[in-house]
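Right, one structure below, let's go through it.
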Amino acid sequence: MALIELLSAPSHAHAAEPGCGQQLVDGTTPPPTSSYIYPRQPLQPFYQWENNYGYCGEVSMIEAGLNNGQWMSQFNARLICGAGLSQSGPTGACAAHHGQVDYNAQLLIEDPGTGVTGPNTYADAAMCLSNSRLSATTYDYSAQTPGMAGYEEYMSWVKKEAIAGHQVTMAILMKGSGGSQYDHEAAVIKIGTNHSPADPTYYPDDVLYFDDHGVYTLSGDKFTSNPAIPPGAGSDSTGCTPYVFGYTFASLANTRSGANTKTAQAYSIIIPDDRTIRTYTGASGYDTVPIAGPHNYGFSVAGPADPLSETLPAALIIAEPTVTKGVVNPVDPVAGYDYENPMIGTSNWGRSCTNRPPDAWMTNFVLQVTVSGLTAGVSYNLYEYEFSAIKGVGSAAALAVPVENFNANADLATHVTAFTATGSTYQEGITTASDKIVVFRCVPATAP
């Protein structure tokens with residue numbers, strides 16, 4: 001199946017180089033399966049910033065957010081973790097350590113207090129997601145069985161979450177990298193299976209498809225840098241951004257050393273163990289510390305934070321070409337307008353120890369929200385919440401968006417649209433700038 005067909009994305013243009021696809025990276029072609037398991041909302045690839053050792057966790061959260069009616073930049077997605085985990089926060093790790101890269105600044109998936117984070121709390125995905133007002137869970141690696149049995153447990157969890165319609169982010173290994181547990185965070189697009197699509201059992205021939213956020217960027221069959229505009233967008237005819245990768249469950253299992261062999265595929269997933277290893281994160285931001293592991297990590301987003309199930313499904317897209325410094329940003333063949341230009345920092349490959357804002361923000365930033373699951377003739381309120389910045393440490397950085405009693409808390413909204421549904425969906429668009437945080441929630445007019 002061709003890449004564009006796989007994504008069901010509009011064929012805006014051909015990828016820059018003929019035959020741009022996964023075969024340029026590792027020579028594999030995912031085997032066809034009899035059925036597929038999808039998240040509740042289709043996932044659109046998003047091209048990530050590479051600076052500060054990558055914004056892959058932030059982009060994965062952004063993708064889940066877009067599918068649940070909210071937008072924030074990669075810059076703000078890092079700050080939403082509560083500043084205390086960020087190099088731009090009050091700890092000032094970059095300044096204190098003379099520009100050494102702060103691994104602890106990223107949206108990483110480990111949970112604090114679980115024996116894998118060293119002496120300091122450097123990762124708390126659950127808090128990042130909660131502060132973003134998303135309903136999410138993290139994979140419980142604390143009870144994971146060592147060896148292949150543990151790997152199968154993890155993949156079964158991924159499959160179970162996908163069957164539930166949730167958006168799953170996985171921790172994976174990259175060929176040629178050095179992370180002892182994972183190098184990258186990728187978002188699951190779908191799972192192919194030859195078994196019942198309602199069966200969460202691990203099967204070796206199940207096929208995992210995921211978005212790598214454009215990290216494997218190529219020119220011919222060689223690696224290249226990650227510029228602000230994805231290779232293949234607009235008039236760019238040099239380079240290729242595959243985005244989508246698919247492997248059988250069995251072929252993904254690997255060790256760190258095995259993932260780096262000459263014949264290894266581009267991506268693998270670590271086989272868990274209970275031995276002592278060393279990890280880059282968890283000490284002073286750049287030292288290594290001993291932990292028990294390696295483990296598998298992941299998070300799953302079920303929807304907006306809404307324990308009473310008051311809200312209707314809402315999804316956002318960037319609907320029109322954005323503009324940076326007066327210049328229109330071209331469409332990407334696969335990601336569309338889902339990228340941020342200009343890049344953040346001063347280096348394509350993550351040598352910048354900074355989470356300062358980019359030197360410009362995108363304007364003509366048109367967000368279109370689609371609310372679904374409506375009943376014709378019923379009245380609804382569509383609430384829009386907009387924020388210019390994120391402040392606070394820890395849970396104090398949470399967005400001021402209600403999680404229940406939306407109508408009673410109408411005064412928290414920046415704008416409200418009251419409408420009576422004429423069909424099962426409703427659409428509305430706004431024009432803003434990419435530095436703004438925008439959240440939509442829709443509830444019946446009769447809701448509390």
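Which lysines does residue 222 reach when only Cα atoms under 20 Å apart count, and residues fewer than 8 places away in its own chain are ignored?
Excluding near neighbours in sequence, the set is 175, 262.
Calculate, in whole percent, how much of the Cα-Cα pair population of region 359-415 lies beyond 18 Å.
Tail fraction, whole percent: 56.
Mind jotting down a quarter of the surface of the convex hull over the alpha carbons of region 293-415, in square nanometres, one decimal?
12.5 nm²
Under a straight-distance cross-link criterion of Cα-Cα below 21 Å, which lysines are reachable from residue 190, leaving out those fewer than 8 residues away in the same chain?
The reachable lysines, counting only those whose Cα sits under 21 Å from residue 190, are 159, 160.
How would you order 213-225, 374-386, 167-179 from highest to lowest mean count of nearby Cβ atoms within 10 Å?
167-179, 213-225, 374-386
Quote the Stokes-Einstein diffusion coefficient, in whole µm² s⁻¹, for region 138-294, based on the Kirkwood radius over alpha carbon pairs, a temperature of 37 °C and a viscosity of 0.692 mPa s.
For these conditions, the coefficient is 194 µm²/s.
Net charge near residue 406, counting Lys/Arg +1 and Asp/Glu -1 over other residues with Cβ under 10 Å of its Cβ?
-2
Assuming R0 = 45 Å, can you tell me the calculated FRET efficiency for the pair residue 276 and residue 238, based on Cβ-Cβ distance, to the nearest 0.05?
So, using R0 = 45 Å, E works out to roughly 0.50.
Estimate the FRET efficiency between residue 376 and residue 431 by the formula 1/(1 + (r/R0)^6), using the beta-carbon distance for r and 30 Å for R0, to the nearest 0.05.
Computed FRET efficiency for residue 376 and residue 431 comes out at 0.60.
Taking the mean number of other Cβ atoms within 10 Å as a proxy for protection, how do you rank 240-250, 414-424, 28-38 from highest to lowest?
Packing proxy ranking, top to bottom: 240-250, 28-38, 414-424.
I need the peptides 329-341, 59-71 ranked by packing, meaning the mean over residues of other C-beta atoms within 10 angstrom, with the highest value on top.
59-71, 329-341
Give me the extension gain from residue 149 to residue 446: residue separation times 0.36 nm, minus the current Cα-Cα distance, reported in nm with one decimal.
102.0 nm
Just so you know, all these numbers are worked out from the coordinates, no wet-lab data involved. Since this is a predicted model, take the numbers as computed values, not measurements. Using ideal geometry, Cβ is built from the backbone for each residue, glycine included, and neighbour counts are taken over all protein chains shown.
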